[in-house]
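Peer 1: If you scroll down you'll find the structure; I have some questions about it.
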Amino acid sequence: MGRIDSGSKLILGEMQMLRRVNWKLLAAVLAVGGVGIYATAETFGQATASKPAAAASAQDLPKAEQLLEKYIEAIGGKEALSKIKSLKATGSINIPQAGITGDMEMMQADGKMLMVMEMPGVGKQTVGFNGEVAWQDSDLTGPQLMEGAMVEDLKFQAKIDGYSDAAAYFDSMETVGQESFAGEDAYKVVAKKKGSPDKTMFFSKKSGLIIGSEGEQDSGFGLMKITTVTGGYKKVGDLLMSHTAEQKLPNGMAVEIKMSQIELNADVPASKFELPESIKKLIK
């Protein structure tokens, strides 16, 4: 066998790094995390670390329910939200550390979701939720069923705007303090649901918008902390919608999402959410 030059070594190193990525988890965290109808005035790509702000007593903190109400009004109001029955979005996905950029498409309707990503050197990755079964199929890992907390997470994400219905979805929500998140003063709300890891949401004190979240997600190999900063808000119809997101994984990798087009009440055939044959074979 001939010698491997430095350029080939670099390529091999990148592919080895990609194979260490948990694509099952990556598919789950990409599903809607920053693409749904939660908007922010933040600039895409700002630092995601949160920093403690001035201490506030429990009496000074608004209730989580109040923050949710302000958030719903900030994105357009309940009436505007109630008119949205389906969503179709297209954009790009970028993994800077691996030098990879690809295309992505997402569809949502009736609490169901389908997302397809295609990345050079990685291949095609599809994630879906048909209202009951959460699954993913990729050229790297093959077809797989998601289980446990990952199913619950996709069920939440499959809603066109899961956060607007967060009070009904989570068992409890509590405002626990104030912090600087992505460079903006924010209220920190911890949401709990039985059988799922806690989820922390950050509400901008200035705009009332959700500007990011933190939480552990089941990777299939244990829990992994994910930090998401949303940004690039634009008006789509009567609603403010985030068009960009940055998700940071604990292994130092970051996933960047930029949506180039979002269409509300799009024609999304029910057949789009049917289980592929490769997934049906896995269901006992």
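The values are calculated or read from the model by the stated rules, or taken from the named source; none is laboratory data. All values reported here derive from a predicted model rather than from experimental measurement. We place every Cβ from the backbone using ideal geometry, glycine too, and count neighbours over all the protein chains shown.
Peer 1: Evaluate region 235-246: report whether one residue or more is within 26 Å of D110 (Cα to Cα) and free of Cβ contacts under 8 Å to residues at least 12 places away in the same chain.
Peer 2: There is at least one residue in region 235-246 that is within 26 Å of D110 (Cα to Cα) and free of Cβ contacts under 8 Å to residues at least 12 places away in the same chain.
Peer 1: Shifting gears a bit: When residues of region 192-212 are filtered for being more than 22 Å from L145 (Cα to Cα) and in contact (Cβ under 8 Å) with a residue 40 or more places away in the chain, how many remain?
Peer 2: Count: 10.
Peer 1: Pick out the one residue from V190, V176 that is in a strand (DSSP E or B), surrounded by fewer than 16 Cβ atoms within 10 Å (Cβ to Cβ) and hydrophobic (A, V, I, L, M, F, W, C).
Peer 2: Of V190, V176, the one residue that is in a strand (DSSP E or B), surrounded by fewer than 16 Cβ atoms within 10 Å (Cβ to Cβ) and hydrophobic (A, V, I, L, M, F, W, C) is V176.
Peer 1: Then there's this: Among the residues of region 233-244, are any touching a helix residue (DSSP H, G or I) at 6+ places or on another chain (Cβ under 8 Å), at pLDDT below 90, more than 18 Å from Y71 (Cα to Cα) and not hydroxyl-bearing (S, T, Y)?
Peer 2: So far as region 233-244 goes, no, none of its residues is touching a helix residue (DSSP H, G or I) at 6+ places or on another chain (Cβ under 8 Å), at pLDDT below 90, more than 18 Å from Y71 (Cα to Cα) and not hydroxyl-bearing (S, T, Y).
Peer 1: Hey, can you tell me all the residues within region 157-169 that are hydrophobic (A, V, I, L, M, F, W, C), surrounded by fewer than 21 Cβ atoms within 10 Å (Cβ to Cβ) and in contact (Cβ under 8 Å) with a residue 12 or more places away in the chain?
Peer 2: Selection gives A167 alone.
Peer 1: Still on this model: How many residues are in contact (Cβ under 8 Å) with a residue 12 or more places away in the chain, surrounded by fewer than 11 Cβ atoms within 10 Å (Cβ to Cβ) and among the basic types (K, R) if we restrict to region 255-284?
Peer 2: Adding up the residues that qualify gives 1.
Peer 1: Any idea how many residues of region 96-132 are outside any helix (DSSP H, G or I) and in contact with a Leu (Cβ under 8 Å, 6 or more places away or on another chain)?
Peer 2: Qualifying residue count for the region: 18.
Peer 1: Within region 185-200, does at least one residue satisfy the condition of being among the aromatic types (F, W, Y) and within 28 Å of E132 (Cβ to Cβ)?
Peer 2: Within region 185-200 (the criterion being among the aromatic types (F, W, Y) and within 28 Å of E132 (Cβ to Cβ)), the answer is no, since none of the residues qualifies.
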